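The values are calculated or read from the model by the stated rules, or taken from the named source; none is laboratory data. Remember, predicted model here, so these are calculated numbers, not experimental data. So basically every Cβ, Gly included, is an ideal-geometry build from the backbone, and we count neighbours across all protein chains shown. Ligands, DNA and RNA are excluded from the accessible area calculation, which covers all protein heavy atoms including side chains. Shrake-Rupley method; radii C 1.70, N 1.55, O 1.52, S 1.80 Å.
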Amino acid sequence: DAGVHSKAWYAATCDRKTAEDALYQSNKDGSFLIRKSSGQDSRQPYTLVVFYNRRVYNIPIRFIESTRQYALGREKSGEERFDSVAEIVENHQRTSLVLIDSQNNTKDSTKLKHIVRVS
């Protein structure tokens, strides 16, 4: 268990479009939620959805089978790994999360500040 089910920021039945719409409506930098990933892949079970600078970022959360830990985005050397998805959220409420826009090749960063609930 990734420690997500009882959390206010976990939108279990939410699809990508619903999540993005909810974040655009919040219109606050640092708004976020976590949803199940669209593709049913056990190695990428969840997606962190973050609003920043009028944009929505969908960041995959990977499950690393060998260590039974979680990590954000694509695999990279020296990446931070966490024992639960809840730890990722708690960490990035304190320390900035780097947001990479692959289309415009820009980098931003924000903390996870505002939980968005999807009705």
For D15, net neighbour charge (Lys/Arg +1, Asp/Glu -1) across residues whose Cβ lies under 14 Å away | +2
Any chance you could look up the accessible area of K36 with a 1.4 Å probe, heavy atoms only, rounded to 10 Å²?
-> 90
Leaving out ligands, DNA and RNA, what percent of the accessible area of the chain is carbon and sulfur, probe 1.4 Å?
-> 42
Using a 10 angstrom cutoff on alpha carbons, build the Gaussian network for the chain and name the most mobile of I34, I88, I100.
-> I100
Would you mind getting the accessible area per residue of the chain, heavy atoms of the protein chains only, 1.4 Å probe, in Å²?
-> 60
Scalar couplings 3J(HN,Hα) for the range 98-104 by Karplus 6.51 cos²θ - 1.76 cosθ + 1.60 (θ = phi - 60°), nearest whole Hz, x for Gly and Pro, are 7, 10, 10, 9, 6, 6, 9
For the chain, what is the charge dipole size about the Cα centre, in debye to the nearest 20, if Lys and Arg each add +1 at the Cβ and Asp and Glu each add -1 at the Cβ?
-> 240
Counting pairs of alpha carbon atoms under 8 Å apart in space and at least six apart in sequence, what relative contact order in percent does the range 8-113 give?
-> 19
With Rg/Rh (Cα atoms, Kirkwood Rh) in mind, check (1) 0.93; (2) 1.15; (3) 1.02 and report the label derived from this structure.
-> (1)
How much FRET efficiency would the formula 1/(1 + (r/R0)^6) give for E75 and K113, where r is the Cβ-Cβ distance and R0 is 30 Å, rounded to 0.05?
-> 0.65
Can you pull the accessible area of S77 for me, 1.4 Å probe, Å² to the nearest 10?
-> 120
